[in-house]
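Encoded as structure tokens, the structure appears first; notes follow it.
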Amino acid sequence: MTLRVLVVALLAATAAASVAAQGVSEEYARERTRARFERPYGLGIEWDAFAHAPFFEQMHKVRAEGRPGDRVGYNRDMNALPLGVFLDTELRLRFSWHDSIEAGYGFAVLRAFDDRLDETSRFNGVVYPKGTDADYGADWHEFRLLYRRDLFRLGLDGNFTMYGKVGLEWSMLKVQFGSDTYAVEQDRDEERLRELLPWWNAGLGFELNIGHDWRITAEGRGTYEVGVPTFQKRDGESFKQSIISLTGEAALEYRVTDWFALILRGKYRYFRAKLYGGYRADSFLWWSAGPEFGIGLRF
């Protein structure tokens, strides 16, 4: 009986000691994390470059010269391959434990040819008859400047971070739709959305660091604005712009060394821009979804 009591007491003491040790360990970890975030951060720089290989569609419609416009689709109307490879790059500057700035640039260059239009198409005041051969091109340059604020951290090491982003986006857009056998005047086969002004963009995301080598991030950003004045005129009419912009990203990063990383990222992009004033209206639409393969430098 006495032996049993001693064994039970020993087990209880061992369990209590283990619980106490765990409590001290957890308290130590939290204190270490708190002390780390109280130290000055210094300066951190991250640069990423991606090859984006999505399934996509791009469409454009121009109403002008008293004629309505028909939406011309890269895949739908030009029978072009709905797959492509485009480039995207990001530069992030972190100047505190909670604040950073991101500058990004991406572009898509599309070219398509059709020997025979399946139906009559109206573009920028020009009517292209059914059966006409058509050449199509679109150049889209996209810029963004975003501020990131880390909202809170979770975990003993603060390895889970929830953050918000807010900033500006802007695009340079040029579309060509013409024919080798159907000549037009006054460059009506080319359209630039040159009156576009930068628009706001905001979103939320999270970042999860697993050990030293792995990082998982996901974020979503969006813009919705209607009828914003551009303070510019074309054909004597004041122009307004309407923007819908949606971006969703989820990435897995592996650090090969302290300064070099491999990145696999999935990306969804929807973008619609409309410029209009008087009778004239210019609409550009893009959506894409697919993987990105990238490399990153960490300093």
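Every read-out reported here was derived from the displayed coordinates using simple, explicitly stated rules and does not represent laboratory data. These figures come from a predicted structure and were not determined experimentally. Every residue, glycine among them, receives a Cβ derived from its backbone with ideal geometry; neighbour counts consider all protein chains shown.
Quick notes on this structure:
- Straight-line cross-link reach from residue 240 at under 23 Å between alpha-carbon atoms covers these lysines, not counting any fewer than eight positions away in the same chain: 61, 174, 274.
- DSSP-assigned coil residues among GluC sites (Glu not before Pro) in segment 106-211, each with at most 15 further Cβ atoms within 10 Å: 119, 185
- In degrees, nearest ten, helix 2-38 long axis to first principal axis of the chain (Cα): 40
- Labels on offer are (i) 15.0; (ii) 22.5; (iii) 17.4, and the one holding mean projected area of the Cα convex hull in nm² computed from this structure is (ii).
- Burial ordering of 174, 165, 130, fewest other beta-carbon atoms within 10 Å first: 130, 174, 165
- Distance between the 7 Å Cα→Cβ label points at residue 279 and residue 297: 5.4 nm.
- Each listed q (0.10, 0.17, 0.20 Å⁻¹) maps to a log10 I(q)/I(0) for segment 136-294, found by the Debye formula over equal Cα scatterers with no solvent: -0.52, -1.06, -1.29.
- Distance between modelled label sites at residue 109 and residue 202, nm, 7 Å Cα→Cβ extension: 3.7
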